[in-house]
Amino acid sequence: MDALTKEFIERKARGERLAVLTAYDYPTARLLDEAGADLLLVGDSLGMVMLGLPDTTGVTMNMMLHHAAAVRRAVKKARVIVDLPAHTYDLPDIALHNSKRLVAAGADAVKLEGGTSIAESVRAITAAGISHVGHIGMLPQSIKIEGAYRKKGRTDEEVARLLEDARVLENAGSCAIVLESVIPAVAEKISRAVKIPTISVGPSPGCDGEVLVIHDLLGSFPWFKPPFAKSRANLAQEITRAARSYIDEVKRPN
């Protein structure tokens, strides 16, 4: 068991919830670290909120390495988790190779999407002493296969599969598991079934922590807002106001 897994299990046992936010650049990461975030996730969601891609499937390793390094330069206290993008962990040796690249860029842990189907890749990563964070439920990297984003855990079969995935990841050495779009009652059931922390995407009191995309928190991506996201600022409006004020001043005749 690596040090991060041990720490997370102990924090869960003490009832300490984990506050997780995404970060993709130096100034944002520095501010969030200074604010006291427990974990910062350099998520492949950067493809949409930073690069304007339609989904996460077009994100590359070079993109993740670039943003991970920027976040690492800013952070002194928070743990930095970095996503492995789609098709960079299809085989265990490839998963390990790319995980080492992310660690070299500054990751404290790497995150892969999937459960039982990627167990061998997870074991290869954790056996090398690299911390791994799981991600089950709705899998954004599989959107082109599934065809739509939808809640998971609606049927007994889905619940059983999610529980199996969580236990397999725990046994493979994962230090935590992200649960995305999992029905809250099912998420709570999964949380009780494993010793490692569960981190929900959006509010889920039965989980051990919560992760939110920073743009949703700050209201700086007005073109799409997940229904569960609670914005605590409206930076899009303020940026537009400031830009218009500047433009008007420059264009105003002397």
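Coordinate-derived values only; no laboratory data. Source: prediction; values computed, not measured. Here the Cβ is made from the backbone with ideal geometry for all residues, glycine too, and neighbour counts use every protein chain on show.
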**Prompt:** Extension gain L91-K195, at 0.36 nm per residue separation less the Cα-Cα distance, in nm?
**Reply:** 34.7 nm
**Prompt:** For Q237 and Y149, FRET efficiency with R0 = 22 Å and r from the beta-carbon atoms, rounded to 0.05?
**Reply:** 0.25
**Complete:** Residue-normalised 222 nm signal for the chain, counting each DSSP H run of n ≥ 4 as -39,500 (n - 2.57), nearest 500 deg cm²/dmol, is -13500 deg cm²/dmol
**Request:** Measure nothing but the geometry: give the 0 to 90° angle between the long axis through the Cα atoms of 235-251 and the longest principal axis through the Cα atoms of the chain, rounded to 10°.
**Result:** 30
**Message:** Please give the Cα centre distance for the stretch 221-254 versus the stretch 53-97, rounded to the nearest Å.
**Reply:** 29
**Prompt:** On full extension of the chain, what length is gained from E10 through T60, given 0.36 nm per residue of separation minus the C-alpha to C-alpha distance?
**Reply:** 14.6 nm
**Prompt:** Cα gyration tensor of the stretch 157-213, axes a ≥ b ≥ c as square roots of the eigenvalues: rounded (a/c below 1.5), prolate (a/b > b/c) or oblate?
**Reply:** oblate
**Item:** Unsatisfied cross-links (Cα-Cα over 32 Å) in the set K111/K225; K6/K189; K12/K144; K76/K111; K144/K189; K77/K230
**Value:** K12/K144
**Asked** Rg and Dmax of the stretch 168-254, using alpha carbons, in Å: what are they?
**Response** 20.1, 71
**Item:** Virtual paramagnetic centre 7 Å along Cα→Cβ of N171, amide N under 18 Å, in the stretch 120-160
**Value:** 120-127, 134-136, 159-160
**Message:** Which residue fluctuates most in the GNM of the chain (Cα springs below 10 Å): A35, A74, A86?
**Reply:** A35
**Prompt:** Out of T198, P27, I81, whose Cα points farthest toward the positive end of the dipole of the stretch 3-212 (charges: +1 Lys, Arg; -1 Asp, Glu; placed on Cβ)?
**Reply:** P27
